[in-house]
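Reviewing the structure listed below.
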Amino acid sequence: MKRVTLLDVYQHPIAQKYITRSGLAHAISTAQYAFDYSQEFDVNPDLAVKAAFLHDIGHYTWYKNGSWDYSLYKQNDIHAIKGAERAHKLLIRLGENPVFAKKIALAILLHTDSYLPDGNLQLEPLQEVVALADKADEEPGGKHHYKTISNSEAIFKLESLDKKVEGKLNLRIS
Ligand SMILES: [Fe+2]
Ligand SMILES: [Fe+2]
């Protein structure tokens, strides 16, 4: 089965429509951090980068009178739930291995606990990698969602990350 690349994901209309809502630059930086953490945690880098790239795809735009309403967002947000489903649909359409698509969707579902009742989640290593990568790119006041990146720079970064992942996958047994 041919690997579904980050570039395949980025170029799909579902990603083009939704990934920019919470910032394409944040999605790419999170994927880069996830690659590094995947090596530290001995997690499949292919799953880590795709889950990280797609982790915020479920965002809705909480605008009120032209600007983002943070309290409305806090009150009503389910972006991790929505994102898990949206990413799963996109990956299956691209021909992703269904076992991988499920693991990626779960890592997206659990990348934040901000929408869950208080309690401690027991995260699996892949889920931990995605949550850590997201935090690593976080900036005060949610500024990480507003960083910008050009289309050509995005493609360049995703292609080089794809090459790094493929280099590691050739060395992995599973
Ligand atoms: Fe998020
Ligand atoms: Fe995020």
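For segment 19-29: of the residues being in contact (Cβ under 8 Å) with a residue 40 or more places away in the chain, surrounded by 21 or more Cβ atoms within 10 Å (Cβ to Cβ) and farther than 14 Å from Asp162 by Cα, which is nearest to ligand 1 (Cβ to nearest atom)?
Ser22
Here is a yes/no grid of residues against (1) within 15 Å of the chain's Cα centre (by Cα); (2) among the hydroxyl-bearing types (Ser, Thr, Tyr):
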{"residue": "His12", "(1), (2)": "yes, no"}
{"residue": "Ile19", "(1), (2)": "yes, no"}
{"residue": "Ala25", "(1), (2)": "yes, no"}
{"residue": "Ser29", "(1), (2)": "yes, yes"}
{"residue": "Asp42", "(1), (2)": "no, no"}
{"residue": "Trp68", "(1), (2)": "no, no"}
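Mind checking which residues of segment 134-147 are surrounded by 11 or more Cβ atoms within 10 Å (Cβ to Cβ) and away from ligand 1 (no atom under 11 Å from the Cβ)?
Ala136, Glu139, Lys143, Tyr146, Lys147
What do you reckon, is Glu138 within 16 Å of ligand 2 (Cβ to nearest atom), outside any helix (DSSP H, G or I) and either at pLDDT below 95 or over 11 Å from the mean Cα position of the chain (by Cα) (or both)?
Yes; evaluated as a whole, the condition is true for this residue.
Under the condition of being part of a loop (DSSP other than H, G, I, E, B) and of a type in the set (Lys, Arg), which residue from segment 145-174 is modelled with the highest pLDDT?
Lys147
Restricting to segment 115-133, name every residue that is within 14 Å of ligand 1 (Cβ to nearest atom) and farther than 23 Å from Leu47 by Cα. Show your work before the answer.
As a first pass, look at segment 115-133 and keep what is within 14 Å of ligand 1 (Cβ to nearest atom): 115-116, 127, 130-133.
Hits for segment 115-133 are Tyr115, Leu116.
The values are calculated or read from the model by the stated rules, or taken from the named source; none is laboratory data. Everything numeric in this text was worked out from a predicted model, so none of it was measured. Glycine gets a Cβ as well: all are built from the backbone with ideal geometry, and neighbour counts include every protein chain shown.
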